[in-house]
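I have placed the structure first, in the form of structure tokens, so that the comments after it can refer back to it.
Bear in mind these aren't lab numbers, they're just calculated from the coordinates by the rules spelled out. Treat the numbers as computed from the prediction; the structure is a model and nothing was measured. Quick reminder, even Gly has a Cβ in these numbers, built from the backbone with ideal geometry, and neighbours come from all protein chains shown.
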Amino acid sequence: MKSAIEFKVNGERRQLEVEPWITLVEVLREILHLTGTKEGCGEGDCGMCIVLVDGRPVNSCLMLAVDVDGREVLTIEGLAEGGRLHPLQESFVERGAVQCGFCTSGMILSAKALLEEDSGAGEEEIKRGLSGVLCRCGSYKKIIEAVQEAGEKMKEKGRR
Ligand code: FES
Ligand code: FES
């Protein structure tokens, strides 16, 4: 039997009827066509499916869609504002921190949650904050530099 759920995705209210076993990543990709969220392992190990739920990073492959009822979800598609990229997106592009791009949305959303708590996070804090996401292309050095640079931009611009 399906359950009715209502939640916000990228600021937009959505009402859906979902099977009790369907996961958040399946809803995002297959029903809402927000394919910026990637599914890698499907078992909570790679972090490629990370989105923010009420501002906190969550592995969307492990979260049931029924559990987002009444909550707010942010995916990579919701990060740019008024046609302008988020400082994290800008820095990832400028620093060349993207290779295949499969880990990028999980990295950027994890970094957003981290920098909102501490925009001056240093290398060690960034490594810890991003430790839930694996980059199989090995772009870690550039990713860390991009996050540090974005933190400086966010501090300057007072942006979240
Ligand atoms: S796909 Fe969710 S953690 Fe790997
Ligand atoms: S850029 Fe390919 S997995 Fe990170």
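So for the pair S3, H33, with labels modelled 7 Å out along Cα→Cβ, what separation do we get in nm?
According to this spin-label approximation, the distance is 2.7 nm.
Between E81 and D54, what length comes free when the chain is fully extended (0.36 nm per residue of separation minus the Cα-Cα distance, one decimal in nm)?
Length gained, E81 through D54: 7.9 nm.
Compute, for the chain, the length of the dipole vector about the Cα centre, with Cβ point charges of +1 (Lys, Arg) and -1 (Asp, Glu) only. Units Debye, rounded to 20.
340 debye
Using the Kirkwood radius over Cα pairs, work out the Stokes-Einstein diffusion coefficient for region 1-137 at 25 °C and 0.890 mPa s, in µm²/s as a whole number.
160 µm²/s
Relative contact order, percent, of region 87-157 when contacts are C-alpha pairs under 8 Å separated by at least 6 residues?
In percent, rounded to a whole number, it is 51.
Pull out the extension gain between E94 and S131, defined as 0.36 nm times the separation in residues minus the alpha carbon to alpha carbon distance; nm, one decimal.
Here the segment from E94 to S131 would lengthen by 11.1 nm.
Given +1 on the Cβ of Lys and Arg, -1 on the Cβ of Asp and Glu, and no further charges, what dipole in debye does region 3-78 carry about its Cα centre, rounded to the nearest 20?
240 debye
Could you name the lysines in cross-link range of K157, using Cα to Cα under 20 Å and dropping any fewer than eight places away on the same chain?
Cα-Cα hits under 20 Å: K112.
How big is D, in µm² s⁻¹, for region 87-157 by Stokes-Einstein at 37 °C and 0.692 mPa s if Rh is the Kirkwood radius over C-alpha pairs?
Using the Kirkwood radius from Cα pairs, D works out to 283 µm²/s.
Counting helices only, and only those DSSP H runs with n ≥ 4, report the 222 nm mean residue ellipticity of the chain as the sum of -39,500 (n - 2.57) divided by its residues, in deg cm²/dmol to the nearest 500.
Only helices count here, giving -9000 deg cm²/dmol.
Which of V133, L32, G96 sits closest to the plus end of the dipole of the chain, meaning its Cα is farthest towards the positive end, when Lys and Arg get +1 and Asp and Glu get -1 on the C-beta?
Among V133, L32, G96, the one farthest towards the positive end of the dipole of the chain is G96.
Need one number: % antiparallel among DSSP beta bridges in the chain, to the nearest 5.
Looking only at bridges with both residues in the chain, the antiparallel portion is about 90 percent.
Any idea what the relative contact order of the chain is, in percent, if you count C-alpha pairs under 8 Å spaced at least 6 apart?
It rounds to 23 percent for the chain.
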